[in-house]
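A quick write-up on the structure given underneath.
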Amino acid sequence: MKFDELDSRMRVFETAHDYCVLPGIYIVARLDGRSFTRLTKEVHKFDSPYDIRFRDMMLATVEHLMNCGLNIIYGYTQSDEISLLFAQDENSFGRKLRKLNSVLAGEASAKFSLLLGDIGCFDCRISQLPNKTEVVNYFRWRNEDAHRNSLNAHSYWCLRRDGKTIGEATSMMKGLSVADKNELLFQHGINFNDLPNWQKRGVGLYWEEYEKLGFNPVTGENVSALRRRIRRDLELPMKDEYSNFISQFLDIEF
């Protein structure tokens with residue numbers, strides 16, 4: 001069998017289940033760290049429940065994903081997860097799901113591993129969202145999940161620092177209301193409202209324009225030009241204000 005014939009024959013098996021995101025549908029990718037609890041709490045022993053070093057590694061990983069050739073207009077990270085909003089007309093890889101999932105997971109895993117100096121792996125899944133409302137709902141969901149996770153994490157680690165085992169702390173957390181958890185923190189000298197916003201709301205990353213000054217050696221004049229850079233926003237709003245914040249990115253085109 002000649003190579004061209006063999007190539008055509010075998011590629012059918014490789015591409016038989018290719019699915020593509022339809023034109024006009026919004027693409028949001030969510031990446032999660034694989035076994036990151038063990039990696040960050042047992043192997044590398046980052047501070048609990050939040051560690052600035054880990055946060056900055058995640059932010060650098062998001063920036064890498066926003067700079068790796070895909071038109072990503074907003075990135076969001078909380079804990080060990082990353083969400084990415086693509087421009088609506090993004091057409092890389094023909095919008096093939098298997099390519100987007102594999103490339104993003106690979107890029108994130110490679111970048112984070114280099115930063116950590118150890119193997120850190122991410123998985124990836126794509127949400128296909130039909131309109132702007134669902135895009136806003138998606139990011140509102142992840143923003144509110146960050147708030148819930150933060151309250152739970154701070155409460156859990158208060159119990160662990162009191163000497164409770166994993167099982168004891170987990171059992172004690174069951175059935176506690178939001179008010180109960182806030183009271184638990186207060187008894188340990190923590191006002192949840194006073195904690196850093198990046199721990200409670202996550203961090204947003206998006207493109208901004210800025211003016212860069214330069215010098216024209218031909219004319220001998222100082223000149224300026226508009227450039228783009230990624231802004232890290234550690235003071236994200238919440239609830240309806242966050243919905244309005246996300247809405248602005250749906251009308252931006254680069």
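Details
- To the nearest ten degrees, helix 178-187 and the longest principal axis of the Cα atoms of the chain are 60 degrees apart.
- Tail beyond 12 Å, pair distance distribution of the range 196-245 (Cα, percent): 72
- Computed over protein heavy atoms with a 1.4 angstrom probe, the accessible surface ordering of 5, 81, largest first, is 5, 81.
- Note, ³J(HN,Hα) from phi for the range 161-177, Karplus 6.51, -1.76, 1.60, rounded to Hz, x at Gly and Pro: 5, 7, x, 6, 6, 4, x, 5, 5, 4, 5, 5, 6, 5, x, 6, 7
- Residues of type aspartates and glutamates that residue 45 reaches as a straight line, Cα spacing below 16 Å, ignoring anything fewer than 8 places off in the same chain: 56, 80, 118
- In order along the range 216-227, phi translates into HN-Hα couplings of 8, x, 6, 8, x, 10, 6, 10, 10, 9, 7, 10 Hz, rounded to whole numbers, per the Karplus curve 6.51 cos²θ - 1.76 cosθ + 1.60 with θ = phi - 60° and x for Gly and Pro.
- Rounded percent of accessible protein surface that carbon and sulfur make up, the range 3-251, 1.4 Å probe: 50
- Prolate/oblate/rounded call for the range 134-232, Cα gyration tensor, a/c under 1.5 rounded: prolate
- The trypsin sites (Lys or Arg not before Pro) of the range 1-33 that meet both conditions, a loop assignment by DSSP and at most 16 other Cβ atoms within 10 Å of the site Cβ, are 2.
- Degrees separating the helix 52-66 axis from the principal Cα axis of the chain, which is the longest one: 20
- Cα centroid of the range 199-214 to Cα centroid of the range 1-41, whole Å: 31
- Hydrodynamic radius by Kirkwood, which averages 1/r over all alpha carbon pairs of the chain, in angstrom: 20.8
The values are calculated or read from the model by the stated rules, or taken from the named source; none is laboratory data. Just so we're clear, the structure is a prediction, and the values are computed from it rather than from any experiment. No Cβ is skipped: glycine too gets one built from the backbone with ideal geometry, and neighbour counts run over all protein chains shown. Note: areas computed on protein heavy atoms with side chains; ligands, DNA, RNA excluded. Shrake-Rupley method; radii C 1.70, N 1.55, O 1.52, S 1.80 Å.
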